[in-house]
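Q: Starting off with a structure, shown below.
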Amino acid sequence: MKTTGQILRETRLQKKLELTDVARVTKIRTDSLFILESDDYSHLPGGTVARGFIRNYAKFLGLNPDSVLAVFRRDFVENKMGQIVPRGMVDPVDRISWWTPKTTILSGVGLLFVLFLGYLFYQYQNLTGPPSLHLTTPMENFVTYEDTVEISGTTDPEATLSINSQPVVLEKGGLFYLRFPIKPGPNRLNVVATGKSGRTTTVIRDVTLTSPP
């Protein structure tokens, strides 16, 4: 089953629209549109904003907003903190609580210990490990008739990014989105993220620019 983000992104690509085209008409920022297409709602203020963005985006694409929102409600729910989380992560309201003052203290100590270990591991990874790098577009062996190609994805916020040795400015949260020029025929895109440790993560995409039929 397709997610809300997959439905929105696939419809946009079918209509041969860029995120900048959608942003210009809907007045929704490109990074927020990218968040919707990535189903990563943790970067949005809450459910009201997310549902409003989804409704406006769906209307712009000619989709039924209620149907798209139904898919969103199928997969996600808003918890008591106002955060949007995958459905199933919220405990049933009728569950019997075993919480006591003793478990509160033990849980607090355990949480601090886990957070401390997590912080140490995070710092170790930052210093020694390669950064994460996820490329959303273009797909492998992508064929286009345009002389630029849409490149988007996410990496570590503190990493540096380059495409074919050209530096790229990251947006908030490590997001990136740009149009990259390509030449007629086959093109190879080398997307490289470099962490603080100097170690790199590389994703390669082969893209072909061809003449319209």
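Q: Which residues, counting only those in the stretch 191-205, are of a type outside the set (A, V, I, L, M, F, W, C) and surrounded by 13 or more Cβ atoms within 10 Å (Cβ to Cβ)?
A: Looking only at the stretch 191-205, we keep the residues that are of a type outside the set (A, V, I, L, M, F, W, C), and these are 194-202, 205.
Answer for the stretch 191-205, where residues must be of a type outside the set (A, V, I, L, M, F, W, C) and surrounded by 13 or more Cβ atoms within 10 Å (Cβ to Cβ): Thr194, Gly195, Lys196, Ser197, Arg199, Thr200, Thr201, Arg205.
Q: So Pro157 ticks every box in (1) out of contact with any Gly (no Cβ under 9 Å at 6 or more places or on another chain); (2) surrounded by fewer than 16 Cβ atoms within 10 Å (Cβ to Cβ); (3) not small (Gly, Ala, Ser) but one. Which box is left unticked?
A: (1) is the only condition that Pro157 fails.
Q: For a quick check of your reading: which helices (runs of 4 or more DSSP H) sit entirely within the stretch 1-68 and have at least 2 residues that are aromatic (Phe, Trp, Tyr), at negative phi and crowded, with 20+ Cβ neighbours inside 10 Å? Spell out how you get there, then give the answer.
A: Numbers: elements: 4-14, 19-26, 30-38, 47-60.
Here the list reads 47-60.
Q: Identify the residue in the stretch 121-149 that is of a type in the set (S, T, N, Q) and modelled with pLDDT of 90 or more and, among all such residues, is nearest to Pro181 (Cα to Cα).
A: Step by step, filter the stretch 121-149, then rank; the result is Thr148.
The values are calculated or read from the model by the stated rules, or taken from the named source; none is laboratory data. All values derive from a computational prediction rather than experimental measurement. When we count neighbours, we look across all protein chains shown, and the Cβ atoms used for this are built from the backbone with ideal geometry, even at glycine.
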